[in-house]
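Remarks on the structure that follows.
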Amino acid sequence: MSPDAATDATGDSGRFHTTRWSLILTSLEDEDEAEESRGRQALTQLCRIYWRPIFAYICRQGQPPADAQDLTQEFFLAILKKKFLQRADPERGRFRSLLLKSLQNFLHDAQSRAQTRKRGGDVQFVVWDDWMAEAPSRLTIPPEALESWPPERLFDVRWAATIAERALRSLQDECERRGRRRVFDALSGSLAADRSDVSYQDLARELAVGTTEIKRLLHQLRRRYGQLLRAEVAETVDKTEDVEDELRYLVRTLAASPP
């Protein structure tokens with residue numbers, strides 16, 4: 001899906017028709033088997049993406065890592081069965097908000113806690129080792145923050161980092177395919193930096209080009225990164241106007257997190 005397509009809306013409702021979240025919402029409201037299948041596939045994809053913020057939230061609630069793994073697994077199984085999606089905010093505008101609300105419902109549900117399967121139980125969403133093999137987050141949260149931040153803040157920081165890193169990984173893949181991996185490696189660390197903090201001379205020496213060319217390349221990469229970031233966000237909202245709000249929230253969240 002192109003970045004432009006990610007922000008296209010049709011009809012008076014302003015609802016997207018080609019994003020993962022819109023497919024999920026349609027499947028909740030439509031009993032058609034084809035819609036149900038597409039919605040489930042989209043929901044599975046989003047669940048696989050969002051394990052890190054869920055796991056961080058559960059750990060901050062005081063659960064040891066092994067139990068947090070079990071609860072994360074059980075939560076996603078419950079989500080895939082749509083037990084908690086139906087109980088969340090009926091507006092259902094943003095997947096991030098609904099996922100957090102659903103998680104809070106899940107953790108406060110005594111019956112769900114009592115029925116949590118033991119490790120190695122009969123049903124698994126995916127093997128936990130596969131989840132842990134995902135590319136580690138570039139965002140390092142100090143140990144004291146892990147113990148002092150509210151769980152909602154940890155959830156948001158991990159969510160924002162996940163979105164940003166997926167967009168960055170897409171940009172890296174694009175540069176790789178175009179034979180520009182060396183350019184990406186040299187300039188990717190400056191994508192979010194203030195212009196005053198960028199040493200154009202050092203980058204020019206590294207890539208053996210002039211500073212004017214460095215500025216042009218960095219402008220191109222920043223523009224494309226912004227498009228990919230927008231596309232990632234658009235997959236998780238239901239209305240056009242929500243994209244800008246989520247992007248602003250993402251930027252504020254990362255700006256308030258430690259370097």
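Which condition does Ser196 not pass, out of (1) in a loop (DSSP other than H, G, I, E, B); (2) over 28 Å from Arg94 (Cα atoms), if it passes all the others?
(1)
Considering only segment 181-188, I want to know if a residue exists there that is surrounded by fewer than 13 Cβ atoms within 10 Å (Cβ to Cβ), modelled with pLDDT of 95 or more and over 21 Å from the mean Cα position of the chain (by Cα).
yes
So if I check each of Ala255, Ala193, which one is farther than 28 Å from Pro150 by Cβ, without any contact (Cβ under 8 Å) to a residue 60 or more places away in the chain and not assigned by TED's automatic domain parsing to the domain that holds Trp21?
Ala193
Within segment 199-223, work out how many residues are touching a residue at least 12 places away in the same chain (Cβ under 8 Å) and either under 23 Å from Asp173 (Cα atoms) or in contact with a Leu (Cβ under 7 Å, 6 or more places away or on another chain) (or both).
9
If you go through segment 118-129 one residue at a time, do you hit one that is in the same structural domain as Ile24 (by TED's automatic domain parsing), surrounded by fewer than 18 Cβ atoms within 10 Å (Cβ to Cβ) and either assigned to a helix (DSSP H, G or I) or at pLDDT 85 or above (or both)?
Yes.
Would you mind listing the helices (runs of 4 or more DSSP H) fully within segment 1-98 where at least 3 residues are surrounded by fewer than 19 Cβ atoms within 10 Å (Cβ to Cβ) and either in contact with a Lys or Arg (Cβ under 6 Å, 6 or more places away or on another chain) or modelled with pLDDT of 70 or more (or both)?
33-49, 65-80
Residues to consider are Leu187, Leu247; find the one that is touching a residue at least 24 places away in the same chain (Cβ under 8 Å) and assigned to a helix (DSSP H, G or I).
Going through Leu187, Leu247 in turn, the sole match is Leu187.
The values are calculated or read from the model by the stated rules, or taken from the named source; none is laboratory data. It should be emphasised that the depicted structure is a prediction, and the values quoted were computed from it without experimental measurement. Backbone-built Cβ (ideal geometry, glycine too); neighbour counts: all protein chains shown.
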